[in-house]
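Everything on this sheet refers to the single structure shown next.
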Amino acid sequence: MRHQIDHRKLGRTTEHRIAMLRNQAISLFKHDRVKTTLEKAKELKRFAEKLITLAKKDTLHSRRIAAQDVHDPKVLQKLFSTLGPLYASRPGGYTRIVKMGWRKGDGAQIAFIELVGREPKFEEKPVKGKAKRTAAPGTGEEPKKESAPKKAASAKKAAAPKAKATVQKVPKASAKKAEPESPAPEEAPEV
């Protein structure tokens, strides 16, 4: 039974574990989200939320206590000038853990830990090829389609046979190598 066991040891000595949590907290405050294992994320959540609670009361004493763990002056400034006032009215729960699946090499469960309210904004791209349909409100009628796109489509069909003649067949083995890999989306630093 695990009675009165305070924290996860993460297979490290005390000094190594504290140094790792300090570094991960600095990365979390700097980048607003960090990709790590689920167990490390759960420990980092406890550690980082205590620092944010210190930053809510902007006193010299709380700055000095936080400076013992946050060794980067720019991150310490961001913690007290940006994050502290942001969470001033929030009574805890400053971070969120999002499970991402399992790592390929060792099967460890991977998760993102991110600051609540500081998530990255993703813009939706408009869908190409679909015409916008607008109807008069309350009429239930669908708008009439324009005939101009049909003429353009028939012109493309006429030009298509010419384009097929210039395409060379590539053997299947080299076709896989020739395909460029899709660029990976920007990720948080992995710690």
Next on the checklist: Given axes a ≥ b ≥ c from the Cα gyration tensor, I'd like to know whether the stretch 1-128 is rounded (a/c under 1.5), prolate (a/b larger than b/c) or oblate.
Outcome noted: oblate
Checklist entry - What is the local net charge at ARG63, summed over the other residues whose Cβ is closer than 15 Å to its Cβ (Lys, Arg +1; Asp, Glu -1)? => result +3
Checklist entry - In what sequence do GLU190, GLU123 fall when counting other Cβ within 10 Å, fewest first? => result GLU123, GLU190
Checklist entry - For the residue pair ASP58 and LYS121, what label-to-label distance in nm results when each label sits 7 Å from Cα along the Cα-to-beta-carbon direction? => result 2.3 nm
Next on the checklist: Distance cut-off 19 Å, Cα to Cα: go down the list LYS99/LYS125; LYS35/LYS104; LYS56/LYS78; LYS42/LYS78; LYS57/LYS78 and report the pairs above it.
Outcome noted: LYS99/LYS125; LYS42/LYS78
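Readers should treat all values here as calculations from the given coordinates under stated rules, not as data from a laboratory. The structure presented is a predicted model; accordingly, all values stated were derived computationally and were not measured. Note: ideal-geometry Cβ built from the backbone for every residue, glycine included; neighbour counts use all protein chains shown.
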